[in-house]
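Q: Handing you a structure now.
The values are calculated or read from the model by the stated rules, or taken from the named source; none is laboratory data. Bear in mind the structure is a predicted one, so any value in this text is a computation, not a measurement. Glycine gets a Cβ as well: all are built from the backbone with ideal geometry, and neighbour counts include every protein chain shown. For the accessible areas, the whole protein counts, side chains as well, though only heavy atoms, and no ligand, DNA or RNA atoms are used. Shrake-Rupley method; radii C 1.70, N 1.55, O 1.52, S 1.80 Å.
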Amino acid sequence: MSNSEFSFHGILFDMDGLLIDSERLSYESFCSTASAYDVSVTMEDYRQMIGLNHVTGLGILRGILPASLDPVAFKNEWLLAYRALFADDVPVKDGAYQLLAHLHAINMPVAVATSSSGSRARITLEKAGLWQFIQHLTGG
């Protein structure tokens with residue numbers, strides 16, 4: 001297939017882990033929250049929850065945590081720890097800014113779909129300096 005046979009009308013990106021280097025910080029905050037409760041967690045525990053909506057993630061978390069620990073309270077503390085890591089800076093994945101800027105320069109529409117809430121995703125993309133390149137956002 002030659003390049004002339006490809007026709008794109010827009011490009012859809014995921015946000016966390018692709019445009020934003022958030023998975024590393026999410027894992028760090030997951031581990032630190034678990035440690036505060038003297039609970040041992042693994043990367044495999046964390047991986048089970050990547051890309052899931054809040055309700056589904058809580059169900060998985062309920063299976064990971066001891067029965068004595070409220071998964072909603074844990075998740076709330078985890079989110080606070082995670083958001084604190086983003087207080088000053090949102091880490092952008094290498095090449096993401098350059099790619100989005102190039103797509104913008106050639107008038108290629110860009111959309112982002114994420115399991116994060118739409119309002120939280122927009123704030124994150126704004127802080128990262130990427131929102132200017134996004135024409136549409138769908139949050140979970």
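Q: Search the range 11-35 for residues that are closer than 30 Å to I106 by Cα and small (G, A, S) and pair each with any residue that is in a strand (DSSP E or B) and open to solvent by 10 Å² or more (accessible area, probe 1.4 Å) when their beta-carbon atoms are under 7 Å apart and the residues are at least 6 apart or on different chains.
A: Every condition considered, the pairs that remain are S22/D16.
Q: Related question: Considering each of E28, E23 in turn, give the residue that is open to solvent by 70 Å² or more (accessible area, probe 1.4 Å) and acidic (D, E).
A: E28
Q: Here's another thing I want to ask about it. Which one of the conditions (1) of a type in the set (S, T, N, Q); (2) surrounded by 15 or more Cβ atoms within 10 Å (Cβ to Cβ); (3) farther than 23 Å from K93 by Cα; (4) within 16 Å of the chain's Cα centre (by Cα) does T33 fail to meet, given that it meets all the rest?
A: Of (1) of a type in the set (S, T, N, Q); (2) surrounded by 15 or more Cβ atoms within 10 Å (Cβ to Cβ); (3) farther than 23 Å from K93 by Cα; (4) within 16 Å of the chain's Cα centre (by Cα), only one is false for T33: (4).
Q: Out of (1) surrounded by 11 or more Cβ atoms within 10 Å (Cβ to Cβ); (2) of a type in the set (D, E, K, R); (3) over 30 Å from I11 (Cβ atoms), the odd one out for E44 is which?
A: Going through the list (1) surrounded by 11 or more Cβ atoms within 10 Å (Cβ to Cβ); (2) of a type in the set (D, E, K, R); (3) over 30 Å from I11 (Cβ atoms), E44 breaks only (1).
Q: If you don't mind, another one. Taking the condition of being of a type outside the set (V, I, T) and within 11 Å of the chain's Cα centre (by Cα), how many residues in the range 1-26 meet it?
A: 12
Q: Still on this structure, I have one more. Please verify whether N53 is more than 19 Å from T33 (Cβ to Cβ) and either in contact with a helix residue (DSSP H, G or I) (Cβ under 9 Å, 6 or more places away or on another chain) or open to solvent by less than 80 Å² (accessible area, probe 1.4 Å) (or both), treating the condition exactly as stated.
A: yes
Q: Of the residues A111, A84, A73, A121, which single one is at pLDDT below 95, of a type in the set (A, V, I, L, M) and exposed (fewer than 15 other Cβ atoms within 10 Å of the Cβ)?
A: From the options A111, A84, A73, A121, the qualifying one is A84.
Q: Could you tell me whether T56 is of a type in the set (S, T, N, Q) and free of Cβ contacts under 8 Å to residues at least 12 places away in the same chain?
A: yes
Q: Of everything in the range 124-140 that's surrounded by fewer than 20 Cβ atoms within 10 Å (Cβ to Cβ) and more than 15 Å from the chain's Cα centre (by Cα), which residue is nearest to G51 (Cα to Cα)?
A: Among them, the one singled out is H136.
Q: Here is a further query. Mind checking which residues of the range 84-123 are in a loop (DSSP other than H, G, I, E, B) and either more than 15 Å from G17 (Cα to Cα) or of a type in the set (K, R) (or both)?
A: Hits for the range 84-123 are A87, D88, D89, K93, I106, N107, M108, P109, S117.
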